[in-house]
Structure formats: structure tokens, C-alpha cells
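J.: First the structure, then my questions, so here it is.
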Amino acid sequence: MPSSKPLMTQSSGPTPTSVESALRTLETESGGINALAAALRGPLGEAFAKAVDLIRQAEGRVIVTGLGKSGHMARKIAATLASTGTPAFFVHTAEAAHGDLGMITTDDVIMALSWSGEQPEMKTLVNYSARFAIPMIAVTSNAASSLGQAADIVIELPKAREACPHNLAPTTSTLMQAAIGDAIAIALLEGRGFTALEFAHFHPGGKLGAMLKFVRDYMRTGAEIPVKPLGTKMSDAVMEMSAKGLGCVCIVNDAGEAVGIITDGDLRRHMRPDLLTVSVDDIMTKQPKTVPPSMLASEMIEVLNTRKITTLVVTEADKVVGIVHLHDLLRAGVA
């Protein structure tokens, strides 16, 4: 039964109004990011560097705070900092006056986001910061504001036009807040030499967590490895390939070292009447690509994609200890 829904077809007609609106939004917001980059190359760069150094030297955590849309951006920045090795969490500006100030210690650094810098609710945090000598970084578009005047360091964002046609709804401004937060997080990450292995500690779940596991977590071992020694007849090798169901067989020497591999593709390329009677030595692809069990899954995927292959032999001290197939990675959600 044919579908009642109209098919989407490519049109050569005029650009839809919604697309034109989207393009205007993106152009406006990209203008804000470009202005931010230009400011960082100028006077803003010094304040940015001081903020990064302050956070790096802090013995406590980064307390990121904000209200409204700035609060949403503050929550995102705190999450990005925490996931990249800088202990951080979000405190809602309004809730701070109702007990959440107790979350903040004198070892911490406060990063306060307010586009205007004049939110009345921020006064409680400003007073608390001053009372207990807790350093504060203000992220605002107005260094002369109440927040800017009270802060130890001011990251003054350029006053860029919002994407909203009325220049009211926070759009470009929130994007710039998120961008400066990302820039701080990555500068801290790079400064401390934060590695992918450390990143894995904070991301054990989902596809990202799967990518940060190791080859040893996905490889087949023991009797599951399709393997035959040099000198084996192709008939036996094909039987091994069929039995293990990976579309390949690893060829090893007397020392158990991988010296070749035979895949389905090799069978097709060498198809001839006497194929099953010849030795694997004549058919195998020599010097197969091998990886160690300690390699990250993300790096393993890169090897598979670069070489356009589906199977990797896993070796340790030159001995075959496992085999990894793309299908296993797909089932695990890695590829």
C-alpha cells in the first residue's frame, strides 16, 4: 500500500523562508564567535590567560554559576570542565542564597556568568566571595558592571548582536559563553597533558566509553582465534575459516608469531582449480597488520578505517593472543 506522505524531493526553486532564517542565525552567531576570537588576540587574551592560571593553581574546584540562559551555559561549562579533568560543578545563582553557599569552600574558584553583570541574585555570591576571599572570575559583556567591578578577573565578551531579529533572545551571547567555557576547559586540558586514558576514567558509558576501552576488551581469544601453521593445506585453512566464522585465518610460524593472514578476499583473488590443494604459504597476505591488546579502541578503529580492512590480529611479545573483527565492534557500539 503506497504511503500517504509526500516524498521529499530536491527543489531548484527559491530557498524556503525557514532556511533563509536559519542561515541568518548562523551568520549572526558566527560573527559573535569571530569577534570573540579577535578579542582573544587582543586585550581579552591577558584576562583569559590569568583565569586559566588561577583555575590551574586552585586547590579546590571551579564553582560555575549563572541564572536564566547564562545558568544553562554555566551548567554545561561545569560539565565540560569536570569531564576533562578539572573538578567543577554548577551552583544555581538564586539557590545559593538558600543554602547552596555551603557547597563552596575557600579553596575553590567561582566562575560567574552574567551577560549584563547586573543580576540582583548575583549579589549573594559576590558578598560570599569577598567575605571568605574566594577568587571570582566574571564572564560578562560589561566589565564596568557590578559583577565586573567585584570580580578578581573579568573575561569581557564582545557585545555582539543576538540572532533574534529583535536583538533580545539570548542566542549569540549564550553561544559565546559556551565557546569561552570550552576554550578554558581545553586550555586546562592541554596544559596538564590530560590523556585519552585519563579521559576514559570519566566516560565509561555510551559509545564514547566504548571507544575508550582497549583492544583486549573486544578481541577474541583462545579457541575462538582462527589460526593455522605455515605449510597447512588450503582445504584445512578454509575449514578453519568456516568454523570460526570471521572470514579469515591467521597463519603463524613455529614460534606462534603471525606471519600471514588469509581472508575471503584472498580466496576470491586466488580462485583456481587447485586452490584447496596448495599451501597457505602461497595464498596468504604476508606481514598482516597487528595491534597490541593495550591499544585504545578508538585508535584501533582508525587503523581499520585507514587500511580499509575488517580484521586485526592482536599480538603481544610477537605472539598471537587474539583477533578483532569489525562486526564485533559494531555489535559493541564502538564502530
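J.: Sort the following peptides by mean Cβ neighbour count (other Cβ atoms within 10 Å, averaged over residues), highest first: 73-84, 254-265. Display every interim value, and only then the final one.
T.: Numbers: 73-84: 21.0, 254-265: 16.8.
By packing density, highest mean first, the sequence is 73-84, 254-265.
J.: Which order do the peptides 170-176, 223-229 take when ranked by the mean count of other beta-carbon atoms within 10 Å per residue, highest first?
T.: Packing proxy ranking, top to bottom: 170-176, 223-229.
J.: Then there's this: Around Val227, which amide H atoms from residues at least 5 apart in sequence, or from another chain, sit under 5 Å from its own amide H, with H modelled in the peptide plane?
T.: Excluding prolines and chain starts, which carry no amide H, the hits are Cys250.
J.: On the protein heavy atoms, probe 1.4 angstrom, tell me the percent of accessible surface of the chain carried by carbon and sulfur. Each step should come with its number before you reach the end.
T.: Details: 9900 of 17940 Å².
Here it works out to 55 percent.
J.: With a 1.4 Å probe and every protein chain left in place, work out the accessible area per residue of region 48-172 in Å², rounded to a whole number.
T.: 45 Å²
J.: Now for a different question. Over region 255-335, average the accessible area per residue using a 1.4 Å probe and give it in Å², no decimals.
T.: With all protein chains present, region 255-335 gives 54 Å² per residue.
J.: Read through the labelled values (i) 1.04; (ii) 0.94; (iii) 1.18 and report the label of the one computed as Rg/Rh (Cα atoms, Kirkwood Rh) from the structure.
T.: Of the listed options (i) 1.04; (ii) 0.94; (iii) 1.18, (iii) comes from this structure.
J.: Okay, next question. Suppose R0 equals 56 Å. What FRET efficiency, 1/(1 + (r/R0)^6) with r the Cβ-Cβ distance, do Val278 and Leu23 give to the nearest 0.05?
T.: For R0 = 56 Å, the calculated efficiency reads 0.35.
J.: Further, regarding this structure: What aspartates and glutamates does Lys319 reach when the alpha-carbon gap must be under 15 Å and sequence neighbours fewer than 8 apart in one chain are set aside?
T.: Once the sequence-local aspartates and glutamates are set aside, what remains near Lys319 is Asp254, Glu257.
J.: Report Rg(Cα)/(2.2 N^0.38 Å) for region 83-128, keeping two decimals.
T.: Normalised by 2.2 N^0.38 Å, the Cα Rg of region 83-128 equals 1.20.
J.: Show the residues, 5+ positions off or on another chain, whose built amide H is closer than 5 Å to the amide H of Val314.
T.: Result for Val314 returns Val291, Val321, Gly322, Ile323, Val324.
J.: Quote the FRET efficiency, to the nearest 0.05, computed for Ala183 versus Glu257 with a Förster distance R0 of 41 Å and r equal to the Cβ-Cβ distance.
T.: Values: r = 48 Å, r/R0 = 1.17.
It comes out at approximately 0.30.
J.: Starting with the highest mean, order 116-124, 237-245, 98-106 by the number of other Cβ atoms within 10 Å, averaged over the residues of each peptide.
T.: 116-124, 237-245, 98-106
J.: Spelling out what I want: for every residue of region 308-321, take phi, set θ = phi - 60°, compute 6.51 cos²θ - 1.76 cosθ + 1.60 (Karplus), and round to whole Hz; glycine and proline get x.
T.: 6, 10, 10, 9, 10, 8, 9, 10, 9, 6, 6, 9, 6, 10
J.: Quote the FRET efficiency, to the nearest 0.05, computed for Ala37 versus Asp328 with a Förster distance R0 of 51 Å and r equal to the Cβ-Cβ distance.
T.: Efficiency, rounded to the nearest 0.05: 0.75.
J.: Put a dot 7 Å past each Cα toward the Cβ at His98 and Ala49; how far apart are the dots in nm?
T.: 4.3 nm
J.: Could I ask something else about it? Mean 1/r over all different Cα pairs, inverted: what Kirkwood radius does region 54-111 give, in Å?
T.: Roughly 11.3 Å, rounded to one decimal.
The values are calculated or read from the model by the stated rules, or taken from the named source; none is laboratory data. Note that this is a predicted model, so its numbers are computed, not measured. Note: ideal-geometry Cβ built from the backbone for every residue, glycine included; neighbour counts use all protein chains shown. Ligands, DNA and RNA are stripped out before the accessible areas are found, and what is left, the full protein with its side chains, is counted by its heavy atoms. Shrake-Rupley method; radii C 1.70, N 1.55, O 1.52, S 1.80 Å.
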